[in-house]
Amino acid sequence: MREAQLQAANNSKNGAVIVVGGSAAGLLTAAKVAAGGREVRVLDAKAGLDPAPRSLIVTHHFREQLRDVASSSIINEIRRFELFTDGRSAEVALRRPDLIIERARLIPALATEARKSGAKLSFDSHFLGLAPNSNGLRLDLETAGKREELHAGHVVGADGATSRVGRAAGWPPVETVPLVQAIVRLPKDCRPDTTRVWFVPDDTPYFYWLIPETESRGALGIIGEGSGQETKRRIERFLEKKNMEPLEWQGARIPVYRKWVPVERRIGNGKVFLVGDAAAQVKVTTVGGIVTGFRGAQAVADALLGSDKSRELRALRRELDTHWLIRKTLHHFQQKDYSYLVDLLNSATRDSLGEIHRDHSTRLLWTVLRRQPRLVLLGLRGLLMGRRSLGTKPR
């Protein structure tokens, strides 16, 4: 007993870090902090490293963030987008390709990197709560059916949009929306390097997408509001309309960014941090959170290693706020608004969309508005339409 108490005190004094949740952002945080010389342990509630498959589309910035680790999860490259609405269409060619990655490959690759850096991974470890102790923080767990106590200097909550760590440390709940996608056979007229996007505001204020995984199959998905069952019924009707059969289904609840979530709280002598979905670090225009979650992971790793995190967090906040502004503009568009939007995409505007990726949204927004000023009036109309209801929960 005395030996366990001494070990707990040493862990807290030495600034040991516990990451709760084997998410992409959590594992990257663990790898970076362990590589910096800190003792790191990752706790995951699952029985083993077996992430659910899900196809994701990211910008080429993903490669710059992960370098060699990125390659194992990339399954395709996208070089153009086709946008459809009410009989109209527009094509945007990308100067540098977007990447289709498979989450079931990404998580194991990041776990391997975390282990190489010195982090320890523990499974079947269910977080129950935390409290301050004399040197740092005490974590209450249930591991393999038995209660356990761990001690650390700092804790990182990387346990998703319903983060138990966040709730235990006093953060408010994060709002979520359903994402549902079906794996389908790729239509013969769809090129494997082309993503299709349909704007159907009667079904969703977001959009449908078809992202090719290979030359023969792709993922057709929708971001909905409300229940996942209703969202699935809508995509089933859309699939029937497009004469596509679902081969398998994928889904998740995705956090919605509405305002900046501070990533750090002090509890007693320790600190608690949030990264990724737990901090709603998601682009609300597309509900994509890999690149932004990795930026949050870098900032938290910098803080834990004693570097300045403020620059990265300021840039991330500006990025997420810009996406929120765009979402507020689009969220109450009607079909005629999307038709007009597609009509306004002149060659200069399309060039901007192809040159500047969506993880540089502030630069992209102002460049597009400069090249097509009429978008300003359309955007103002969208903001006025949504002024009353946006800022409340989704319809």
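The values are calculated or read from the model by the stated rules, or taken from the named source; none is laboratory data. The structure presented is a predicted model; accordingly, all values stated were derived computationally and were not measured. Quick reminder, even Gly has a Cβ in these numbers, built from the backbone with ideal geometry, and neighbours come from all protein chains shown. Note: areas computed on protein heavy atoms with side chains; ligands, DNA, RNA excluded. Shrake-Rupley method; radii C 1.70, N 1.55, O 1.52, S 1.80 Å.
Hey, any hits in the range 204-221 for a residue that's in a strand (DSSP E or B) and open to solvent by 30 Å² or more (accessible area, probe 1.4 Å)?
yes
Of all residues in the range 65-95, which are of a type in the set (Ser, Thr, Tyr) and more than 23 Å from the chain's Cα centre (by Cα)?
Scanning the range 65-95 gives Thr85, Ser89.
Of all residues in the range 304-318, how many are surrounded by fewer than 20 Cβ atoms within 10 Å (Cβ to Cβ) and of a type outside the set (Ser, Thr, Tyr)?
The qualifying residues number 9.
So is Ala144 open to solvent by 10 Å² or more (accessible area, probe 1.4 Å), out of contact with any helix residue (DSSP H, G or I) (no Cβ under 6 Å at 6 or more places or on another chain) and modelled with pLDDT under 95 or not?
When the stated conditions are applied, Ala144 passes them.
So that you can scan it fast, the table gives a plain yes or no per residue for (1) crowded, with 20+ Cβ neighbours inside 10 Å; (2) part of a loop (DSSP other than H, G, I, E, B); (3) modelled with pLDDT of 95 or more; (4) among the aliphatic types (A, V, I, L, M):
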residue	(1), (2), (3), (4)
Pro246	no, yes, yes, no
Trp249	no, no, yes, no
Arg258	no, yes, no, no
Arg266	no, no, yes, no
Ala278	yes, no, yes, yes
Gln281	yes, yes, yes, no
Gly293	yes, no, yes, no
Ala297	yes, no, yes, yes
Val300	yes, no, yes, yes
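Pull up the range 319-345, narrow it to residues that are open to solvent by less than 50 Å² (accessible area, probe 1.4 Å) and out of contact with any Ser or Thr (no Cβ under 8 Å at 6 or more places or on another chain), then point me to the one that is modelled with the highest pLDDT.
Within the range 319-345, the match that is modelled with the highest pLDDT is Trp324.
Could you grab me the full set of residues in the range 49-81 that are out of contact with any Leu (no Cβ under 9 Å at 6 or more places or on another chain) and surrounded by fewer than 18 Cβ atoms within 10 Å (Cβ to Cβ)?
Asp50, Ala52, Pro53, Glu64, Arg67, Asp68, Ser71
Results for (1) touching a residue at least 24 places away in the same chain (Cβ under 8 Å); (2) surrounded by 21 or more Cβ atoms within 10 Å (Cβ to Cβ); (3) over 17 Å from Glu39 (Cβ atoms); (4) in contact with a Lys or Arg (Cβ under 6 Å, 6 or more places away or on another chain), shown as yes or no for each residue.
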{"residue": "Arg115", "(1), (2), (3), (4)": "no, no, no, no"}
{"residue": "Gly118", "(1), (2), (3), (4)": "yes, no, no, no"}
{"residue": "Ser125", "(1), (2), (3), (4)": "yes, yes, no, no"}
{"residue": "Thr162", "(1), (2), (3), (4)": "yes, no, yes, no"}
{"residue": "Val165", "(1), (2), (3), (4)": "yes, yes, yes, no"}
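Tell me yes or no: at least one residue of the range 224-239 is within 19 Å of Ile101 (Cβ to Cβ), polar (S, T, N, Q) and surrounded by fewer than 19 Cβ atoms within 10 Å (Cβ to Cβ).
The answer is no, given that none of the residues of the range 224-239 is within 19 Å of Ile101 (Cβ to Cβ), polar (S, T, N, Q) and surrounded by fewer than 19 Cβ atoms within 10 Å (Cβ to Cβ).
Here are some residues: Ile101, Ile183. Which one is under 25 Å from Arg63 (Cα atoms), β-branched (Val, Ile, Thr) and surrounded by 22 or more Cβ atoms within 10 Å (Cβ to Cβ)?
Ile101
Which of the strands (runs of 3 or more DSSP E) found entirely inside the range 70-182 contain at least 2 residues meeting this: touching a strand residue (DSSP E or B) at 6+ places or on another chain (Cβ under 9 Å) and over 14 Å from Gly26 (Cβ atoms)?
74-85, 88-102, 125-132, 137-143, 146-152
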